[in-house]
Amino acid sequence: MTQQPPPTGEPGRPARPDHPDGAARPDIPDRVSEIYGDSDLGAGPAFAGGFINFGYWAWLPEVADRPLTEDDRIRSEQDLYRLVLDTFDRPRGRTALEVGCGRGLGCALALKEFGLGSVIGLDAHPDQIARAREANAELLPTGPSGTAAGRLDFVLGPAQRMPLPDGSVDFVYSVEAAQHFRDLAGFAREAARVLRPDGQFALATFFARIKEAVPVLPELLPPYADGLDVPHLVDDVAATLSAAGLRGVEVTPIGEGVWECYDRYMAERPELRDTWPRHYLAAYQTGLLDYYLITAAAPAGAAPAATAP
């Protein structure tokens with residue numbers, strides 16, 4: 001996710017130690033590490049409910065004629081996940097991977113509402129993996145035999161080096177994470193690799209609309225200037241996915257259901273309006289940036305999933 005709270009912490013403080021579960025500090029840019037580590041973006045008031053996305057507001061009732069509530073905010077974040085997951089054909093009983101899962105709340109929604117057999121949440125930050133495991137403990141395997149529901153697992157790893165076997169999942173999806181990725185080509189190759197032959201891919205986040213926006217966005221939006229986000233051009237993203245072998249890449253702009261209501265929600269709350277950058281709506285209205293839903297199919301001749309002997 002892109003927006004950030006005011007900086008916290010002391011200048012010159014010592015580096016954070018390795019994570020207590022034994023995982024090394026994340027090999028990700030400092031600003032990304034801070035935002036999803038000590039600052040814990042998902043705990044902030046702008047992301048009520050902890051899903052950490054701008055939300056898809058088009059399915060909320062009569063939003064034009066009333067103030068937006070915190071319940072609306074949470075519903076918008078959930079609806080963005082629903083929009084993405086709705087693109088998958090016959091998900092019941094199958095396996096999905098969310099790349100950049102954050103607190104894992106979208107993984108749990110996928111299990112509960114879409115009937116998936118299992119979901120793997122992948123995130124590069126060990127603090128997010130720890131939060132996801134805590135928030136979704138009832139869905140995790142417990143003990144050596146996996147005696148709990150066992151339908152959900154969280155795995156530490158970067159998008160460009162997914163620690164999963166070839167052809168191991170039916171669906172790969174990512175919700176408002178790819179704007180952080182420095183190596184989109186690596187992410188695309190890995191998504192193509194882990195998908196089964198009939199698998200599907202879906203991605204939702206915001207990208208630059210035109211080439212001229214790439215140098216302008218860091219001047220307008222602090223998250224691009226401070227290294228949290230990368231101003232990827234949407235046409236380049238689509239071409240990168242195709243070059244990795246993903247088939248039938250389709251790009252659908254959905255900003256009309258994102259930006260206006262999100263900006264209005266922020267404007268109605270002084271604690272957010274006065275301290276957080278709110279130039280996304282302006283960037284959208286001037287044609288610099290938009291929010292996209294991108295879908296694709298697994299590569300032709302993708303390796304079949306390994307079967308147990």
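Looking at (1) modelled with pLDDT of 95 or more; (2) in contact with a strand residue (DSSP E or B) (Cβ under 7 Å, 6 or more places away or on another chain); (3) open to solvent by less than 40 Å² (accessible area, probe 1.4 Å), which one does Tyr284 not meet, given that it meets all the others?
(3)
How many residues are under 15 Å from Val175 (Cα atoms) and aromatic (Phe, Trp, Tyr) if we restrict to the range 58-89?
2
Could you check, for the range 276-283, whether at least one of its residues is on the phi > 0 side of the Ramachandran plot and free of Cβ contacts under 8 Å to residues at least 60 places away in the same chain? Spell out how you get there, then give the answer.
First pass over the range 276-283, keeping only residues on the phi > 0 side of the Ramachandran plot: none.
Looking for residues that are on the phi > 0 side of the Ramachandran plot and free of Cβ contacts under 8 Å to residues at least 60 places away in the same chain, one finds none in the range 276-283, hence no.
In the set Ala213, Ala191, which member is within 22 Å of Leu288 (Cβ to Cβ) and of a type outside the set (S, T, N, Q)?
Details: Ala191 fails: within 22 Å of Leu288 (Cβ to Cβ).
None of the other options fit; the residue is Ala213.
Are any residues in the range 173-203 more than 16 Å from Gly248 (Cα to Cα) and in contact with a Leu (Cβ under 8 Å, 6 or more places away or on another chain), and if so, which ones?
Of everything in the range 173-203, those that are more than 16 Å from Gly248 (Cα to Cα) and in contact with a Leu (Cβ under 8 Å, 6 or more places away or on another chain) turn out to be Ser174, Val175, Glu176, Ala178, His180, Val194.
Picking from Leu246, Leu228, which residue would you name as being touching a Lys or Arg at 6+ places or on another chain (Cβ under 9 Å), in contact (Cβ under 8 Å) with a residue 40 or more places away in the chain and closer than 22 Å to Leu80 by Cβ?
None of the others qualify; the one that does is Leu228.
Check Leu122, Leu105 and return the single one that is within 18 Å of the chain's Cα centre (by Cα), modelled with pLDDT of 95 or more and surrounded by fewer than 24 Cβ atoms within 10 Å (Cβ to Cβ).
Sole residue among the options that is within 18 Å of the chain's Cα centre (by Cα), modelled with pLDDT of 95 or more and surrounded by fewer than 24 Cβ atoms within 10 Å (Cβ to Cβ): Leu105.
So, restricting to helices (runs of 4 or more DSSP H) that lie completely within the range 150-264, which ones have at least 1 residues that are under 26 Å from Gly104 (Cα atoms), of a type in the set (Lys, Arg) and open to solvent by 30 Å² or more (accessible area, probe 1.4 Å)?
Ranges flagged: 184-194.
Go through the range 53-81 and count every residue that is open to solvent by 10 Å² or more (accessible area, probe 1.4 Å) and within 13 Å of the chain's Cα centre (by Cα).
Within the range 53-81, residues that are open to solvent by 10 Å² or more (accessible area, probe 1.4 Å) and within 13 Å of the chain's Cα centre (by Cα) number 1.
Is one or more of the residues making up the range 55-62 charged (D, E, K, R), assigned to a loop (DSSP other than H, G, I, E, B) and closer than 30 Å to Asp198 by Cα?
no
The values are calculated or read from the model by the stated rules, or taken from the named source; none is laboratory data. No experiment lies behind these values; they were computed from the predicted model shown. Positions of Cβ are generated from backbone atoms using ideal geometry, with glycine treated the same way; all protein chains shown enter the neighbour counts. What goes into the accessible areas is simple: the full protein's heavy atoms, side chains included, and nothing from ligands, DNA or RNA. Shrake-Rupley method; radii C 1.70, N 1.55, O 1.52, S 1.80 Å.
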